[in-house]
1. So Pro256 clears everything in (1) crowded, with 19+ Cβ neighbours inside 10 Å; (2) in a helix (DSSP H, G or I) except one condition, right? Which one?
2. Quick check, is Tyr40 of a type in the set (Phe, Trp, Tyr) and in contact (Cβ under 8 Å) with a residue 40 or more places away in the chain?
3. I need the strands (runs of 3 or more DSSP E) fully contained in the stretch 311-371, keeping only those with at least 3 residues that are over 36 Å from the mean Cα position of the chain (by Cα) and not assigned by TED's automatic domain parsing to the domain that holds Phe236.
4. Within the stretch 231-245, restricting attention to residues that are closer than 24 Å to Glu273 by Cβ and either in contact with a helix residue (DSSP H, G or I) (Cβ under 7 Å, 6 or more places away or on another chain) or of a type in the set (D, E, K, R) (or both), which residue is surrounded by the fewest Cβ atoms within 10 Å (Cβ to Cβ)?
5. Mind listing whichever residues of the stretch 325-338 are surrounded by 15 or more Cβ atoms within 10 Å (Cβ to Cβ) and within 20 Å of Asp371 (Cβ to Cβ)?
6. Can you find a residue in the stretch 117-125 that is of a type in the set (D, E, K, R) and either out of contact with any helix residue (DSSP H, G or I) (no Cβ under 8 Å at 6 or more places or on another chain) or at pLDDT below 95 (or both)?
7. Can you name the residue in the stretch 339-353 that is modelled with pLDDT under 90 and under 29 Å from Arg292 (Cβ atoms) and is also surrounded by the most Cβ atoms within 10 Å (Cβ to Cβ) among such residues?
Amino acid sequence: MDYVTSNFDKLPWRHRLDYVDRMMRDVSLQTEPGKMVDIYGEWIQRINASEGYISLSRRELITPWHRITRSWLWEERGEEIDAWKDRGKQPMLDRGLLRDLIYGEKATIIDELRVESTDPAYEHLKDFKSLQAMPLFEDGIGMNMVVQLSKRPHAFDPEKLPTQLWSSNLFGRATKNLVLSDELRKAYAIVDRELKVVSDIQLSLLPAKLPVIEGLDIAAYYQTSTQAGGDYYDFFELDDGCLGVLIADVSGHGTPAAVMMAVTHSIAHTRDEPPTPPSSLLNFINARLTARYTSNGTFVTAFYGIYNPNTRELIYCSAGHNPPRVQRGCGSETISLEGNRNLPLGIIGDETYTDARVTLLPGDFVIFYTDGITEARDPSGELFGTERLDTIVNSVCKQPAKLVVEQTIQAVNAFTAFGPASDDRTLVVMRVNE
């Protein structure tokens, strides 16, 4: 900046290029709109050899009102007024030279500036002999204006005016984009905080601890693809010593699915009667979802089973959910609990859900899961699938349920090359002790 004079255009092109290069680098480092405008203004003042500047705006104002948003006078007095945050401190004017300029919406040069003492902007203009005004357009309207001031008459070259009008408007657009980007960051921060609250509430709805049932070993895993998700699992410890295991998956992702997950949890826990048999609970949830909550096309797949530790019988009912896998022994047999599959919850109000039964054997594993497990994809797009799930369970069939969960999740992560989950993943493993 040391060699810049009023004859900027007469400098060698390499000097001018170096100057513009340094200016653009300096401007690109700024993240605050006000600071970026300050930096750009300092560089441009040196190019034009101007001694003062004023910025005007008529945004959200009716004719003839306008406001001074920046001024050399405030800088000289040491006053700090933020062009975006301190609108209450900015002078509001409805007449005078600046009114004529901003509502004229034309690039203008005044070679011999004379300002009446009655002009409301007199203090900002009185020491100057010439000015250059450039409108900044938004939606075809000169919404803002930059006024450069010089203490010399005829200080501004009209030959430069087209290029400066062009560059000023490009910079104005860049400034607006930075403002919008800053507002977007703040909005995202607010949404992020709110989603964190939603996520915390959602996690509080899941079982705080695993049930302790004689003859059973239980483990669970829960991961949302975003901060909040639509998967849901629950346990119901019944008076007769039986255990109810519910797993569900709300269609969609994110906050809407999380809200519906909370609604499903609430309905399941507000029933006056005990949650048995499984079909009775699913009929109850379905009736209330269809009556009030799923008119927008949302639905919930669910599987609910009640295990009797005395008989080792699992009575279950499915509402369009992925059939749990029963791993018998170590590779001797794998059973898919397909019996009596009905429509997902929330589609048809009078859908009738029915029960099915299976008797488990000592050493059997029951794998309850959502499709975020089996439909996880590798980089080529191949699904993890139930066969890989069966293989993993079979490979650790003599181990505790917790280790089965850990090995399965590790396998899914490795299969997807440790990429982000595209869907919520829930896994509940129940092992019948030998």
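The values are calculated or read from the model by the stated rules, or taken from the named source; none is laboratory data. Quantities reported herein were computed from a predicted structural model and do not represent experimental measurements. Methodologically, a virtual Cβ is constructed for each residue, glycine included, from the backbone with ideal geometry; neighbour enumeration extends over all protein chains shown.
1. (1)
2. Yes.
3. Here the list is empty.
4. Among those that are closer than 24 Å to Glu273 by Cβ and either in contact with a helix residue (DSSP H, G or I) (Cβ under 7 Å, 6 or more places away or on another chain) or of a type in the set (D, E, K, R) (or both), it is Asp239.
5. Arg325, Val326, Gln327, Thr334, Ile335, Leu337
6. Filtering the stretch 117-125 for residues of a type in the set (D, E, K, R) gives 119, 123.
With the extra rule that they be either out of contact with any helix residue (DSSP H, G or I) (no Cβ under 8 Å at 6 or more places or on another chain) or at pLDDT below 95 (or both), the set shrinks to none.
For the stretch 117-125, residues of a type in the set (D, E, K, R) and either out of contact with any helix residue (DSSP H, G or I) (no Cβ under 8 Å at 6 or more places or on another chain) or at pLDDT below 95 (or both): absent.
7. The extreme case among them is Arg341.
So that you can scan it fast, the table gives a plain yes or no per residue for (1) touching a Gly at 6+ places or on another chain (Cβ under 9 Å); (2) within 10 Å of Gly346 (Cα to Cα); (3) crowded, with 17+ Cβ neighbours inside 10 Å:
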site	(1), (2), (3)
His269	no, no, no
Ala287	yes, yes, no
Tyr316	yes, no, yes
Pro323	yes, no, yes
